[in-house]
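All remarks here apply to the structure that follows.
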Amino acid sequence: MVQDLMHRRGEDSQAMRRERMHIPETVQDLWHRHGVATEILENYKVVEQRALTPTVQANHLLAAQLRGYAIECMKCIMMKLGISPLDWSQAVSLLDTYVLKAAWDTPMLPVTCACMIQLVKKFSKQETVPVDDLVRLMARVMVIPGIEMREITEEVLISHELTICQAINWQIDVMTVDRWILMFSTRFEILTSIALQMNIKETMFKVTHMLIMGESASLQFSHYSVALGVFFTGFAAAHLIPGCPEGTLMQEDIASTIGILEAVTCSQLPIIEQAAHAVTQALTAMQRRQPASA
């Protein structure tokens with residue numbers, strides 16, 4: 001089905017030319033009530049682009065291996081603290097954003113990660129982790145080769161938190177791939193009256209977490225574009241064609257499906273295709289980097 005959507009649309013270009021799908025007012029009202037109105041998504045796209053634009057002060061990106069160690073350690077710590085995977089992806093997004101904005105130094109990486117955990121807790125209106133508990137966890141879990149862990153005190157955390165917030169212009173509410181997919185899914189379910197099965201969403205989240213682990217966010221590999229690619233491939237693989245039996249896909253079905261995809265993602269098909277291609281390439285590259293099993 002992915003090939004149908006990506007290639008067969010060229011068979012009859014005149015037939016495929018159409019205006020954007022008309023969205024009934026009732027659907028728009030429901031989108032608004034659920035916090036996924038089109039204007040909200042468009043605003044988040046602008047905010048994300050601004051957040052992922054590097055500043056002059058940013059001297060280098062976080063080395064891939066160091067970033068991998070850091071976010072894996074954060075994931076382990078946050079799991080032990082009972083913090084949700086959605087909050088972990090936000091912490092990773094904050095880390096990637098900060099790296100793009102600040103002339104940071106590597107020895108501060110463990111302190112930076114501790115601050116990300118605390119900032120996510122604060123943003124979600126949860127109690128922050130007692131510093132002593134956080135330090136004990138980090139000393140046990142956050143072992144990054146080549147980096148000596150600096151002493152973390154409440155004063156150090158408060159000071160570095162301020163540095164981070166100033167660098168990212170106090171934009172703590174960063175978008176994540178998970179949040180984008182949840183917004184796309186909600187819009188799709190409201191528009192089509194088709195409930196996405198939990199296993200479809202779980203598969204999408206597994207793929208996004210693999211991508212989060214393997215690639216840092218950037219303007220070229222933004223959270224929005226990754227979500228576009230993952231949602232498109234998951235959407236097509238699950239045969240989510242309203243009123244269309246599995247295994248059949250007529251030209252009018254393709255046009256209808258493209259209209260739905262563009263409507264729920266606030267994008268256009270060429271951009272969605274490009275995002276899907278980039279996601280596929282990233283996953284392939286990650287598989288090649290993995291050591292061969294014995």
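Things worth noting here:
- When 181, 158, 168, 164 are checked against the criterion of being on the phi < 0 side of the Ramachandran plot and open to solvent by 30 Å² or more (accessible area, probe 1.4 Å), a single residue qualifies: 158.
- Applying a threshold of 8 Å to beta carbon distances and a minimum spacing of six or more residues, or different chains, the list of pairs starting in the stretch 190-206 at a residue that is more than 17 Å from residue 33 (Cβ to Cβ) and ending at one that is in a helix (DSSP H, G or I) and among the small types (Gly, Ala, Ser) reads 196/185; 200/234; 201/185; 203/234; 204/234.
- Single unsatisfied condition, residue 128 versus (1) touching a Lys or Arg at 6+ places or on another chain (Cβ under 7 Å); (2) at pLDDT 80 or above; (3) hydroxyl-bearing (Ser, Thr, Tyr): (2)
- When residue 181 is tested against (1) more than 30 Å from residue 53 (Cβ to Cβ); (2) in a helix (DSSP H, G or I); (3) within 25 Å of the chain's Cα centre (by Cα), just one condition goes unmet, and that condition is (1).
- Residue 118 being at pLDDT 85 or above, part of a loop (DSSP other than H, G, I, E, B) and in contact with a Ser or Thr (Cβ under 8 Å, 6 or more places away or on another chain): no
- Verdict on residue 99 being closer than 24 Å to residue 41 by Cα and open to solvent by less than 20 Å² (accessible area, probe 1.4 Å): no
- Selection within the stretch 184-199 - surrounded by fewer than 17 Cβ atoms within 10 Å (Cβ to Cβ) and β-branched (Val, Ile, Thr): 194
- Enumeration of residues in the stretch 100-115 that are out of contact with any Lys or Arg (no Cβ under 8 Å at 6 or more places or on another chain) and either among the β-branched types (Val, Ile, Thr) or not in a loop (DSSP other than H, G, I, E, B) (or both): 100, 101, 106, 109, 112, 113, 114, 115
- When the stretch 11-38 is filtered for residues that are among the polar types (S, T, N, Q) and at pLDDT 85 or above, the ones remaining, listed by number, are 26, 28, 38.
- Condition check for residue 114 on (1) small (Gly, Ala, Ser); (2) more than 30 Å from residue 263 (Cα to Cα); (3) open to solvent by less than 10 Å² (accessible area, probe 1.4 Å); (4) under 19 Å from the mean Cα position of the chain (by Cα): one failure, at (4).
The values are calculated or read from the model by the stated rules, or taken from the named source; none is laboratory data. Keep in mind that what you see is a predicted model, and the values were worked out from it rather than measured. Cβ coordinates were reconstructed from backbone atoms using ideal geometry, including for glycine residues, and neighbour counts include every protein chain displayed. The accessibility values were calculated without ligands, DNA or RNA, using every heavy atom of the protein model including side chains. Shrake-Rupley method; radii C 1.70, N 1.55, O 1.52, S 1.80 Å.
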